[in-house]
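None of the figures in this text is laboratory data; all of them are computed from the coordinates on show. Just so we're clear, the structure is a prediction, and the values are computed from it rather than from any experiment. Heads up, the Cβs are rebuilt from the backbone with ideal geometry, glycines too, and the neighbour counts pull from every protein chain shown.
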Amino acid sequence: MNIFRRIQLSRDRSVTVANLVDELLRRNGDREVSIEGDRFFRLAEMHSEICSIDAFLRRDVRLQPGQQVAIYRTNDRRCFHWFLAIIRAGGIAVPLNPMLTLAEVRRILSNSGTDILVTDKAVFEQNIADRKALGVRTWIQADQEPETLDGFLRVRAVDTDAGMPFPPVAIDPGATVAVFHTSGTSGFPKGAALSSRALLGARVSLSLIHI
């Protein structure tokens, strides 16, 4: 059942993309929420992973409110987790299609002033190859590979002694939380800034969440 049949999040002004998963867990408890192949995931598991990424962004990356973070990696459920974690930490998520060329990514990052990039080994080696190819200050490796690429940061294993997770950053529902780009098939990719209100209203943020 789509979560919108249970609670009208888009009409609840207390709910933003930043606190979305926290509110889902609080209101619905730990339930099955998504599927990848034949595997189901629990809402608490999703929340834990998003909070771990959030803590990494605040502590290790020192993400500042309103700072953009590009996601240029293989499309899977973890892209969605990174997307929500970036916004939960107060940043602006910039998801990029892994089919975009290096030249297109370079121009997007340069034009937007984005210097934090989340990628994985597969996309990096196939599309980028050399960190000097992009004007990125902070490189983040987000995959399950055993080895860390040179010059990359990674989310550390969940520390059970780390205490309570950071609370979601309070955001203005009308403020930009994400910038989406076209695929570039009809020219250079163009960006569209979306607010929390727009994302929830369009149900984009919940397109992968089902109970």
- request: Could you line up 139, 82 from fewest to most neighbouring Cβ atoms inside 10 Å?
  value: 139, 82
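Going by the alpha-carbon gyration tensor, a ≥ b ≥ c the square roots of its eigenvalues, is the range 72-197 rounded (a/c under 1.5) or, if a/c is not under 1.5, prolate (a/b greater than b/c) versus oblate?
The shape class here is oblate.
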- request: Just subtract the alpha-carbon distance of residue 133 and residue 175 from 0.36 nm times their residue separation and send over the number in nm, one decimal.
  value: 12.0 nm
Gyration tensor verdict on the range 64-123 (Cα atoms; rounded if a/c is under 1.5, prolate if a/b is larger than b/c, oblate otherwise): oblate
